[in-house]
1. Could you identify the single residue in Asp119, Asp82 that is outside any helix (DSSP H, G or I) and free of Cβ contacts under 8 Å to residues at least 40 places away in the same chain?
2. Criterion first (more than 24 Å from the chain's Cα centre (by Cα), within 25 Å of Phe112 (Cβ to Cβ) and of a type in the set (Phe, Trp, Tyr)) does Tyr233 satisfy it?
3. Restricting to the stretch 145-155, and then to whatever is assigned to a loop (DSSP other than H, G, I, E, B) and buried (at least 16 other Cβ atoms within 10 Å of the Cβ), can you tell me which residue is nearest to the chain's Cα centre (by Cα)?
4. Of all residues in the stretch 176-185, which are more than 10 Å from Ile264 (Cβ to Cβ) and either in a loop (DSSP other than H, G, I, E, B) or small (Gly, Ala, Ser) (or both)?
5. Tell me, which residue of the stretch 208-224 that is touching a strand residue (DSSP E or B) at 6+ places or on another chain (Cβ under 8 Å) and more than 15 Å from Ser251 (Cβ to Cβ) is surrounded by the most Cβ atoms within 10 Å (Cβ to Cβ)?
6. Filter the stretch 196-243 for residues that are of a type in the set (Asp, Glu) and outside any loop (DSSP other than H, G, I, E, B) and give the result.
7. Can you tell me which condition Leu107 does not meet? The list is (1) modelled with pLDDT under 95; (2) within 19 Å of the chain's Cα centre (by Cα); (3) surrounded by 13 or more Cβ atoms within 10 Å (Cβ to Cβ), and all the others hold.
8. Which one is nearest to Leu277 (Cα to Cα), of the residues in the stretch 156-167 that are part of a loop (DSSP other than H, G, I, E, B) and not aliphatic (A, V, I, L, M)?
Amino acid sequence: MLTGYFPPAQTVLLRLFIILILAAAVFGGAYIAVDKLYLRPKQELQADKAAERLTPPGDPSLPEFQQCLEIQKTGTPAETLDALERFVRNNPTSPKRNEARDLIGVLNSAQFFGVKATDGNSVVVKQGDNISRIATRTKMPLELLVHFNKLQGPKIDVGQRLIAFPTNFRLVLNQKQQRVILMNGDKFFRQYPTLSWPGKKPLVPLAKQTEKVITKVALTDKGQPPKPISQEYFGCFHTITYPISGHSIFSQADDPTRPVPGGIRLAPEHMSEIAVLLPKGGQVTLE
């Protein structure tokens, strides 16, 4: 029938065109079916797997940490401390590790400063003793000895019992977390948040180094040094320096005794605690 209207060559081309259209329709339908049945589900599965890789897994340590918080509500401080220390040991990569260490620090501090005099942690003043000699003999910082025993001056009496025992506090300046960490020997004592940290952001960490405390300066809120051997020392503004450039620790932003530039600023109550625990000559490590 087509030959009656078109030349033979055009008839052949028209037939080929129709065949191509039919073939496209057939193969197009087949592709849609294959895509729907096989290709698309496979792509969706791959996408789901990729999403799983990007989505962080749930914290498996969370139930144990929540259990520690329950113990804190109902148990003793000693039971809470034991549970938190066990949590930190068992979960070194947990997102809750720092929070647990914060709680451990508060408990350690309360336990340490709440100690009562016993035969094992105290001395009886002998003839010829004075505060400095007792501090040296017992290896306890003089400031801590005064604070523990609530002394208001240098006078002590023969036969008087004083809390005095050896301590070995040292400081760690953690650049990554921007925290100041207090250690008692090799044992974690407490970590402190900082109000400011030296250097521009993003922070370029300095090489690890260890130095010793050179100076400890205390000033009252009136800018005067406290009376020698006084309870007033604990409530002062403090600056502690050592040969780590720009990383002295301090509590008063406008302290004229603070070396410049830089420095790590802490809350006054945290600096007061460090000031009575960390002796002059004590070790400080930047890491």
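1. On the way: Asp82 fails: outside any helix (DSSP H, G or I).
After applying the criteria, what remains is Asp119.
2. Details: more than 24 Å from the chain's Cα centre (by Cα): yes; within 25 Å of Phe112 (Cβ to Cβ): yes; of a type in the set (Phe, Trp, Tyr): yes.
Spelling it out, Tyr233 is indeed more than 24 Å from the chain's Cα centre (by Cα), within 25 Å of Phe112 (Cβ to Cβ) and of a type in the set (Phe, Trp, Tyr).
3. Step by step, filter the stretch 145-155, then rank; the result is Asn149.
4. From the stretch 176-185, those more than 10 Å from Ile264 (Cβ to Cβ) are 176-177, 181-185; that's our starting set.
Within the stretch 176-185, Lys176, Gln177, Gly185 qualify.
5. In this case the residue turns out to be Val213.
6. Correct list: Glu211, Glu232.
7. (1)
8. Thr167
The values are calculated or read from the model by the stated rules, or taken from the named source; none is laboratory data. Just so you know, these numbers come straight off a predicted model, no measurement behind them. With ideal geometry, Cβ positions are generated from the backbone for all residues, glycine too; neighbour counts draw on all protein chains shown.
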